[in-house]
């Protein structure tokens, strides 16, 4: 294999390895995003049942207040029959009206709570279904992510071995230049040249320079400093 062909393969593998490493590094962030989605689903599921609990407590408290109000109202109405002074009679009527208004408000509140409870209770199957789906989706993601990670790690290992083999075949003088540039620029130390144009910086080379490159002689781009190889 010519020197420029070796450079082409080294470049391809280094780009591929960089992409693999980037994907592997993104894994934990993507996992955190899915964990956050699962936590939001869990919180929504819990909130639904917390709301039911609060409504039941409110219903119990309002029913207790209603019972007390009804007892007080009955006493007030009993007291009304024994009052002979007009001023006291009027004041007692006012208390009775206030008690009746409170009784009516409590009855409305209890009815509203019962309606909300009925609605939320009827929604429980759908809420449970959504929570179950969220858990299944997360478990599926975990399994697929673990499988994908293993594939990428295997690919990375194979690619690194293949890269090392190609690099070992580089001529000594080219290897020294290659190693120096790769240490400084990583995969961006190399670039293809198509139709006399460096694909790294779009700088043109002469026809003679391109012919030398196609004959297997390596060249360095005069503008970006990348090692060039011909791309047909």
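Coordinate-derived values only; no laboratory data. Source: prediction; values computed, not measured. Reconstructed Cβ throughout: ideal geometry from the backbone, glycine too, with neighbour counts over all protein chains shown.
Here are the numbers for the structure shown:
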read-out: Listed candidates [x] 125, 35, 27; [y] 47, 45, 35; [z] 54, 33, 33 - label of the one calculated as Cα extents along the principal axes in Å; value: [x]
read-out: Computed label-point distance, nm, for sites residue 16 and residue 150 using a 7 Å Cα→Cβ extension; value: 2.1
read-out: Euclidean distance between Cα centres, region 50-66 to region 83-122, Å; value: 16
read-out: The chain - mean residue ellipticity at 222 nm from DSSP helices (-39,500 (n - 2.57) per run, n ≥ 4, rounded to 500); value: -29000 deg cm²/dmol
read-out: Average Cα contact separation per residue, the chain, under 8 Å, 6 or more apart, as relative contact order %; value: 32
read-out: Shape of region 171-232, Cα gyration tensor, a/c cut at 1.5; value: oblate
read-out: Distance from region 1-38 to region 170-199 (C-alpha centre basis), Å; value: 19
read-out: Shape category assigned to region 100-172 from the gyration tensor of Cα positions, a/c cut at 1.5; value: prolate
read-out: DSSP beta bridges in region 171-232 [antiparallel fraction, %, rounded to 5]; value: 55
read-out: The chain: antiparallel DSSP beta bridges as a percent of all, rounded to 5; value: 55
read-out: Overall Cα dimensions of region 77-205 - principal axes, largest extent first, Å; value: 122, 35, 27
read-out: Chain lengthening between residue 195 and residue 137 when straightened (0.36 nm per residue, less Cα-Cα); value: 16.0 nm
read-out: Length released on extending from residue 112 to residue 86, taking residue separation times 0.36 nm less the Cα-Cα span; value: 5.5 nm
